[in-house]
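Report on the structure given below.
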Amino acid sequence: EADIYQTPRYLVIGTGKKITLECSQTMGHDKMYWYQQDPGMELHLIHYSYGVNSTEKGDLSSESTVSRIRTEHFPLTLESARPSHTSQYLCASSESATEEPQHFGDGTRLSIL
Amino acid sequence: KNQVEQSPQSLIILEGKNCTLQCNYTVSPFSNLRWYKQDTGRGPVSLTIMTFSENTKSNGRYTATLDADTKQSSLHITASQLSDSASYICVVNDRGSTLGRLYFGRGTQLTVWP
């Protein structure tokens, strides 16, 4: 079982609030990722990081931002939540970008009212 | 356009029966293909990962096959159990970038009935 944790698991919050989704891994992986997943749809990469102080935007445009100050921690922030941000957010990490499987957390299900 | 298509979209089988899930892809250049199992409300968990040179890989009751020439893969589940009920996601990795871009299918939702 992979040691990657996301909090909170569920969040229901009103429009305009600032939100931070937490993701931590204890495996020492350099690579970390954030995905967005809607019901019945494929995962879409929204942010990734190669290591400390490295962050890049993914394929799906997102109004969220990320930071990577420590290897084990990769939080995602929404400055002003909107109903269009309602989705499931999955965090993942891996040892190598191409050869090793990504290990996923159990996700945060976010609902913006 | 690189794509990963899975079929069927959903499948219901009885406990103890076998089933096969299909994945067709157009991703090029190809690096590897992965199958993930995603339980409801959980994150995906890796089942197998196959490179270009591998035709078959097993993980317990799960056996994945890969035909890189026809760009097809299958996941065979033997003697299904209730705990196999989940979404099975096919993911193809290209080798055209340092990141190793992952292309996700939409998954096959498998339900195993007692």
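The values are calculated or read from the model by the stated rules, or taken from the named source; none is laboratory data. Fair warning: this is a prediction, and the values are worked out from it, not measured in the lab. Note that each Cβ is placed from the backbone with ideal geometry, even for glycine, and that neighbours are counted across all protein chains shown. These area figures cover heavy atoms from the full protein model, side chains too; ligands, DNA and RNA do not enter into them. Shrake-Rupley method; radii C 1.70, N 1.55, O 1.52, S 1.80 Å.
Before moving on, here are some points about what is shown:
- For B:Asn2: the one exception among (1) modelled with pLDDT of 95 or more; (2) more than 9 Å from chain A (Cβ to nearest Cβ): (1)
- B:Ile12 satisfies every condition listed in (1) over 11 Å from the mean Cα position of the chain (by Cα); (2) without any contact (Cβ under 8 Å) to a residue 12 or more places away in the chain; (3) in a strand (DSSP E or B) except (2).
- For A:Gly14, the criteria (1) open to solvent by 40 Å² or more (accessible area, probe 1.4 Å); (2) of a type in the set (Gly, Ala, Ser); (3) more than 13 Å from chain B (Cβ to nearest Cβ) hold in every case but one, which is (1).
- Region A:93-111, residues that are in contact with a His (Cβ under 8 Å, 6 or more places away or on another chain) and modelled with pLDDT of 95 or more: A:Leu110
- Of the strands (runs of 3 or more DSSP E) that lie entirely inside region A:11-113, those containing 2 or more residues that are free of Cβ contacts under 8 Å to residues at least 24 places away in the same chain span A:44-49.
- Test: B:Leu66 is touching a residue at least 12 places away in the same chain (Cβ under 8 Å), closer than 30 Å to A:Asp3 by Cβ, open to solvent by 70 Å² or more (accessible area, probe 1.4 Å) and away from chain A (no Cβ under 13 Å): no
- Filter pass, B:Gly105 being out of contact with any helix residue (DSSP H, G or I) (no Cβ under 6 Å at 6 or more places or on another chain) and more than 10 Å from chain A (Cβ to nearest Cβ): no
- Test: residue in region A:38-54 that is of a type outside the set (Phe, Trp, Tyr), away from chain B (no Cβ under 12 Å) and open to solvent by 40 Å² or more (accessible area, probe 1.4 Å): yes
- Single condition B:Thr51 does not satisfy, out of (1) at the interface with chain A (Cβ under 9 Å from one of its Cβ atoms); (2) more than 27 Å from A:Ser93 (Cβ to Cβ): (2)
- Some residue of region B:69-85 being within 23 Å of A:Gln37 (Cα to Cα), within 12 Å of chain A (Cβ to nearest Cβ) and touching a residue at least 24 places away in the same chain (Cβ under 8 Å): no
- A single member of B:Pro44, B:Pro29 is without any contact (Cβ under 8 Å) to a residue 60 or more places away in the chain and open to solvent by less than 60 Å² (accessible area, probe 1.4 Å), and it is B:Pro44.
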